[in-house]
Each structure stands twice: as C-alpha cells, then as structure tokens.
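The values are calculated or read from the model by the stated rules, or taken from the named source; none is laboratory data. Fair warning: this is a prediction, and the values are worked out from it, not measured in the lab. These area figures cover heavy atoms from the full protein model, side chains too; ligands, DNA and RNA do not enter into them. Shrake-Rupley method; radii C 1.70, N 1.55, O 1.52, S 1.80 Å.
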Amino acid sequence: MRFTKMHGLGNDYVYVNCFTEQVHDPEALALTVADRHTGIGSDGLILVKPAAGADAAMEIYNADGSRGGMCGNGIRCVAKLVIDHGLAPGPVLRIATDDGLKTCWCDLERGKVARVRVDVGAPTLLAREVPILVDAERAIDREVVVAGRPWRLTAVGLGNPHAVVFVEDLGDVDLARIGPAFERDPVFPQRVNAHFVRVDSRSHVTMKTWERGSGATRACGTGASAVCVAAAVTGRTDRKITATLPGGDLMLEWGEDDHVYKTGPAVEVFQGDWPGG
C-alpha cells in the first residue's frame, strides 16, 4: 500500500490515496501505522477517496482507531495531496467530510500547494449539539465540574466537540494528566477535544490541546477555530486572531457569515510503501 506522510503545523497523519489504493480495515491500520515506535508514527490515518459532487472526500481515523469527524490541519494536507498528486487542478477545491462539504483555497509555490485557507463552517454553541451535558442551553464561560473539580469553560461544536478553558499561565496546565480526564469525563458523551488558552491580546492567543483519540498534538485546526469562537463570544478577543500552537501559527477569522476561516501551511514529509492495507 502506497502512503504519504504529511503534516500541518506538526499535526501529522498518514494519508492513503484511495483513488488508486484499497484499505480493508482502516481502524486496525490506523492503530498500526500511528504507533511512533513500531509504525510510521502519526496522530492517525486519513483516507482520501473519490466523492460525488466534490474533488475528494476525507475519512479520518484517530491514533486509537476511532473515527474523527473533521480535522482542520488534515484537510489542508488533503487539499495539497489532491493538487500535488494530480487528482484535481485546483486552486479551489471542495472536500467532502463527515461535517459536510468544505471549500479550500490553495496558495501554490513552484507548482505545489504551500498554504490553504479553509472554510471550516459554522460553529454551534448549543449544549445538546456540541454535545455537553449541562443544565443550560449553552455552556459559555460556564463553571462545569470536570475530573472532580470546577472549571470555567466554553463548549463549541465545530466538526468535533471542543471544550475551551482560558488560563493565566499555560505552564500550570499538566496536559498529560488533565487532558485524558477531560476527554473521557461523562459530561462529554462523545468525548471531547480540550484546549487550554492564554489570551495575549485582542488579536493573539497561545494554546495547547489534548485531542480525543490522539492525545497531545502539536496543532488542532478545528480546535483553534473553536478557540477563535470561544474567545470572541466571551469578549476576550476580536473575531480575527492568530493562534500560536506548539507547531506554529494559524490565522483565524469568525466571519460575518458565521463561518470560521482558517489559514495555515501543509507539508508533505515523505512517501513510502506499507505491507498490506
């Protein structure tokens, strides 16, 4: 099976071009290839497939083999693979995801995709849609007991469920300890991506993330988009910001059309052959 290793700000996946390759057991394959000691090493597996009414479809499997709904960094790499590998001309692509069709605008350098702007879609703040189990219509800057202690958080649905916690000092956040507790707390019936965020100015935040099914990652595109919404809706920032993640910066804008737009790089690392599929 031919594969391509790619990353967006260090959020890395193994990509398989299913226009030409076949994958018979993606859950098991994701577990195998994602292992950073005995496999290729990645945050998961993304299958790029043909799709009616779209240039391609993306199917996401987390490092633990579970399905992912949407990946903001992953979709930029899908767009790069589609254009760089000759599956569609671009520079504007429509990619089908579990969260609907997403439009991607690709910036090319020397004929290859370097950066991609993605219409991530419209967020939901309704608790039942995120979902989060609270006795309120929305969880916006709300005190919620998670892992046995109260946290002030904002819950946002944007391709995946997100919990955003604003903190004064990111150094005080023991992500390896609190991340898994957030992810699997019963208040989040579909698990959750947990983001801990320091607001630096009206136009800049710094964040770190624990992703459901993958753990601590160097970047989370839908998560940064959710942070943009949470920061704006709580009055901490403007609707257009830069988010600094461990892997680098993403440019984000919560537009007047209620859609979030995210811009960042996409990088191909290498290609190879994996025995079986």
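Quick notes on this one:
- Computed Rg/Rh of the chain, alpha carbon atoms with Kirkwood Rh: 0.96
- Largest to smallest accessible area among 112, 240 [probe 1.4 Å]: 240, 112
- Expressed as a whole percent, the accessible area of segment 172-277 that falls on carbon and sulfur atoms is 50 (1.4 Å probe).
- Per residue solvent-accessible surface (Å²) - the chain, probe of 1.4 Å: 40
- Between 0 and 90°, nearest 10: helix 221-233 axis offset from the chain longest Cα axis: 30
- Expressed as a whole percent, the accessible area of segment 68-163 that falls on carbon and sulfur atoms is 46 (1.4 Å probe).
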